[in-house]
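Step one of this worksheet: look at the structure below.
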Amino acid sequence: MDPTKPIIEVQDLTHIYSAGTPFEHTAIEHISLSFHPGELVGVIGHTGSGKSTLIQHLNGLLKPTSGKVLYKGEDIWKDKKFTHSVRGKVGLVFQYPEYQLFEETCWKDIAFGPKNQGISGDELDARVRRAAGFVGISEELLEKSPFDLSGGQKRRVAIAGVIAMEPDVLILDEPTAGLDAAGRDSILENIRAYQQAQNAAVIMVSHSMEEVAALCSRLVVMNRGTVAMDNTPADVFTCADKLTEMGLSVPQVTSVFALLRAKGLDVPPDVYTVRYAVARLLERKEGRPC
């Protein structure tokens, strides 16, 4: 894949629910975005900002009211066969995906997606084991029922089921929701491992500012059905006042540094991770400008 060309492109996208009825609601309006191979993009916004509606357009689960979604330059709705094929190349992991597990073993659950793509035999087995490896599911667990696993392990199996289709684009809706700190860290590392190994575009919806700050190189901020910001985490979190107006927060370390600046300390406004904060403070201690 050419990293200079978008793998997914959204052109002037609008979606209206229940159009022409008393319940008509415009969920997203005139959105244009591009996503490139190897990108790890966070999508943030308040509840009802249009995040879920947007991502469900990217693999054809929703059809635009107007505008287009292009996969490798082609309209994903050009014909039914192409729409179906895109759903295998643009994998979507819904929130709490473990509730969708249903097979008698983890192996069978992970194999379900690629099997429906026509993959079989040794290649199917290889895909299942590769996907399990990405998410930290051992060979032993593959033969167990997914219903005998912990909540975090179930989440990994569900994500592996999408990864086994080897999508060019992996979309995750709140992938760490409900997990403890260790489980969250593990899942985020799994996502990063897949992105780096496959040079896939990864798009992650999250309410956690700390997660997107630590993982993503780009943030798309949704507000009232439109794109309010599309920039690096440093640039987005520098605009703390604007985010607050939109009902969003900033990472805790960003808030701490804002308080330090308010007290007159010469610290930078673009701190958004603890690691970056430590580096800036060490520079200050050594007499170098932050």
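The values are calculated or read from the model by the stated rules, or taken from the named source; none is laboratory data. On a predicted model such as this, the values are computed, not experimentally measured, just so you know. Positions of Cβ are backbone-derived with ideal geometry, glycine not excepted, and every protein chain shown enters the neighbour counts.
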Check your understanding: Quick check, is S34 closer than 24 Å to N231 by Cβ, crowded, with 20+ Cβ neighbours inside 10 Å and among the polar types (S, T, N, Q)?
Key -> no
Study note, to complete from the structure: All-but-one check, L248 against (1) out of contact with any helix residue (DSSP H, G or I) (no Cβ under 6 Å at 6 or more places or on another chain); (2) among the aliphatic types (A, V, I, L, M); (3) part of a helix (DSSP H, G or I), failing number (3)
Check your understanding: Do any helices (runs of 4 or more DSSP H) lying entirely in the stretch 86-203 carry at least 3 residues that are closer than 27 Å to V41 by Cα, of a type in the set (D, E, K, R) and under 19 Å from the mean Cα position of the chain (by Cα), and which ones are they?
Key -> 151-163, 181-198
Review point. Among all residue pairs at least 6 apart or on different chains, which show Cβ distances below 7 Å where the first residue, located in the stretch 9-32, is assigned by TED's automatic domain parsing to the domain that holds T47 and the second is acidic (D, E) and not in a strand (DSSP E or B)?
Key: I16/E24; S18/E24
**Study point:** Tabulated pairs, the stretch 95-121, first assigned by TED's automatic domain parsing to the domain that holds G178 and surrounded by 17 or more Cβ atoms within 10 Å (Cβ to Cβ), second assigned to a helix (DSSP H, G or I) and of a type in the set (D, E, K, R), C-beta under 7 angstrom, 6+ apart or interchain
**Key:** P97/R155; E98/K154; E98/R155; L101/D109; L101/K154; P114/R127; I119/R127
Review point. Given (1) more than 20 Å from D180 (Cα to Cα); (2) without any contact (Cβ under 8 Å) to a residue 12 or more places away in the chain, where does E143 come up short, assuming only one miss?
Key: (2)
Study note, to complete from the structure: The one condition P268 fails out of (1) assigned by TED's automatic domain parsing to the domain that holds A160; (2) over 29 Å from L54 (Cβ atoms) is (1)
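Quick check on the stretch 62-71: of everything there that is surrounded by fewer than 16 Cβ atoms within 10 Å (Cβ to Cβ) and in a loop (DSSP other than H, G, I, E, B), which residue is nearest to the chain's Cα centre (by Cα)? Talk me through it step by step, then tell me what you get.
Restricting attention to the stretch 62-71, the residues satisfying the condition of being surrounded by fewer than 16 Cβ atoms within 10 Å (Cβ to Cβ) are 63, 65-66.
After this cut, where a residue has to be in a loop (DSSP other than H, G, I, E, B) as well, the list is 63, 65.
Values: K63: 20, T65: 24 Å.
So the residue we want is K63.
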**Study point:** Hits in the stretch 209-225 - residues which are more than 26 Å from K89 (Cβ to Cβ) and in contact with a strand residue (DSSP E or B) (Cβ under 9 Å, 6 or more places away or on another chain)
**Key:** M209, A213, V221, N223, R224, G225
Check your understanding: Is at least one residue of the stretch 194-212 within 30 Å of A160 (Cα to Cα), among the small types (G, A, S), without any contact (Cβ under 8 Å) to a residue 40 or more places away in the chain and surrounded by 14 or more Cβ atoms within 10 Å (Cβ to Cβ)?
Key -> yes
Check your understanding: Restricting the first residue to the stretch 43-56 and requiring it to be assigned by TED's automatic domain parsing to the domain that holds M229 and surrounded by fewer than 21 Cβ atoms within 10 Å (Cβ to Cβ), which pairs with a second residue that is modelled with pLDDT under 95 and among the small types (G, A, S) meet a Cβ separation below 8 Å and a spacing of at least six or different chains?
Key -> H46/G247
Review point. When the stretch 17-61 is examined, which residues are found to be part of a loop (DSSP other than H, G, I, E, B) and among the acidic types (D, E)?
Key: E24, E39
**Study point:** Hits in the stretch 213-236 (condition: in a strand (DSSP E or B) and either touching a residue at least 60 places away in the same chain (Cβ under 8 Å) or out of contact with any helix residue (DSSP H, G or I) (no Cβ under 6 Å at 6 or more places or on another chain) (or both))
**Key:** R218, L219, V220, V221, M222, N223, T226, V227, A228, D230, N231
